Each structure stands twice: as structure tokens, then as C-alpha cells.
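First comes the structure, then the notes that go with it.
None of the figures in this text is laboratory data; all of them are computed from the coordinates on show. Given the structure is predicted, the values throughout are model-derived calculations rather than measurements. Here Cβ is always computed from backbone atoms with ideal geometry, including for glycine, and neighbour counts include all displayed protein chains.
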Amino acid sequence: MILGLVFFPTFSCKESLPTYVSPDKVIALSVARIEQLNDHLAPPNRPLVRIVLQGENIYDEVFWDSVDIKGSIRIWWKRVPNRYRTLYLTEKNMMDRSQISNHKMMLLPGQRFSLETYWDVRTDNGIFLPSQMDFVFLNRRRCDYNVACGSPEDFVVETSIQIYSRLGYLVAPVKEFIYRPRMCVCYAFPPCNMGGEC
């Protein structure tokens with residue numbers, strides 16, 4: 001009788017899998033658009049600036065993970081740096097919230113997402129900045145019916161936001177933009193329509 005011995009390799013149950021490490025560069029964040037809304041949408045007495053952030057999957061694979069969107073945009077006046085506004089961002093700022101399902105978001109390589117917010121041209125402590133801008137020779141600087149334009153002013157936008165829980169905060173390159181202040185010559189007439197007399 002011949003007995004064959006068969007050996008089976010054994011593996012220890014104590015061996016652990018390597019710890020998951022999130023890839024380094026997954027999302028590229030940028031300030032994609034800054035636009036001052038026109039007098040029809042936001043008259044001179046209620047100006048608005050729309051800011052759009054864009055993220056793009058620059059990783060060479062599909063990325064799918066839990067999202068926890070929180071961050072801020074800081075806008076400061078280049079000529080008067082102590083005049084600034086901080087706008088806070090959450091999942092509500094996502095332009096297409098259908099990209100998030102069950103608190104997770106999947107991005108294919110090259111796929112993008114966007115967030116938007118609006119600035120009312122006020123500082124954190126409520127100062128209405130156009131009132132501090134240059135409108136010298138008001139009647140000579142008419143740029144539309146019943147509207148005078150002030151000197152353009154430079155502003156700076158700094159952004160820091162977390163999208164995915166495990167990736168931490170992303171910082172977009174600093175972006176500058178020009179704000180062109182507008183003021184109604186008579187606030188009783190369009191586009192301000194605030195009543196009263198002039």
C-alpha cells in the first residue's frame with residue numbers, strides 16, 4: 001500500500017490587509033466663474049455677485065466615497081483689506097445634487113461637479129461696500145438710465161472646502177475679479193424703485 005501525503009499550504013488568519021490610503025491628488029478645485037448680475041436681476045441698491053466653484057476628478061480611476069461638504073469662500077477688497085466677507089458652503093450649494101446618493105458621490109475620471117453661491121457686496125459686519133466706493137462727479141458718470149457708475153475695484157477670492165470626508169480640505173488657486181459699482185441717481189425711479197421723491 002502506498003500512502004500519498006498531500007500538503008496544503010496554510011494561511012494565518014492573523015495576517016491583516018494593508019491599511020487603505022486615499023490617493024493624494026483626486027480633485028482639482030477652481031473658481032470657475034465670477035459674475036456681477038445685471039440691474040434687471042440685481043438692481044444697484046441690491047447688487048449680487050455670483051460665484052461658481054468647480055471640482056474635477058483628476059485621478060485616473062473612478063472615485064466613489066462618502067461626501068461631507070463644508071468650507072468657505074473669503075472675499076476681500078484689495079484696496080481696503082480689512083473689508084471682507086466669508087460665505088459658508090454646504091451640500092446645499094451643489095448645483096446638481098443628484099450627483100450625491102446616500103451621502104456618497106461617484107466621479108469618473110475627468111467628471112466635474114459645481115457649487116454656487118451669491119455675495120450681496122456686504123462685509124461680515126454688514127457694511128454695504130458700494131457706499132464706500134468712488135462715485136465722484138456722479139452726474140457725469142451715468143452709465144445707464146438713472147444709473148451712475150463708480151470706479152472699478154479689485155477683489156480677491158480665497159476658497160477652502162472639503163468634499164469627500166477622507167480627502168480633507170481642498171484649496172482653490174486665489175482668484176481676483178473686478179467689481180464695477182453702480183448707483184441709482186434717483187432711488188425713486190427704475191431700476192431701484194424705492195419710492196419717495198427726488
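Some observations on this one:
- Simple label model, 7 Å out from Cα along Cβ direction - PHE189 to GLU61, nm: 6.6 nm
- Computed over the stretch 106-168, the alpha-carbon pair-distance distribution with 10 angstrom bins reads 13, 31, 24, 17, 13, 3, each value a whole percent.
- FRET efficiency estimate (nearest 0.05) - Cβ-Cβ, ASN45 to GLU176, R0 35 angstrom: 0.85
- Length released on extending from ARG79 to LEU37, taking residue separation times 0.36 nm less the Cα-Cα span: 12.9 nm
- Correct choice for Cα extents along the principal axes in Å that was computed from the model, options [x] 83, 42, 28; [y] 55, 36, 25; [z] 119, 31, 26: [z]
- Take every Cα pair under 8 Å whose residues are at least 6 apart in sequence, average their separation, divide by the length of the stretch 49-94, and the relative contact order is 31 percent.
- Computed over the stretch 110-198: relative contact order in percent, which uses C-alpha pairs under 8 Å that are six or more apart: 23 percent
- Each Cα pair under 8 Å and six or more residues apart adds its sequence gap; the mean of these over the residue count of the chain is a relative contact order of 23 percent.
- Rounded FRET efficiency, nearest 0.05, which uses the C-beta distance separating ARG141 from THR90 and R0 of 41 Å: 0.55
- Cross-link reach list, lysines versus LYS78, counting only Cα pairs under 24 Å and skipping chain neighbours closer than eight places: LYS175
- Structure remark: mean-square fluctuation, Gaussian network model of the chain, C-alpha springs under 10 Å; the largest value among ILE34, ILE178, ILE75 belongs to ILE178.
- Inter-site label distance for GLN162 and PHE128 at 7 Å from Cα along Cβ, in nm: 3.8 nm
- All aspartates and glutamates inside 14 Å of LYS104 as judged from Cα atoms, apart from same-chain residues fewer than 8 positions distant: ASP65, ASP68, GLU91, ASP96
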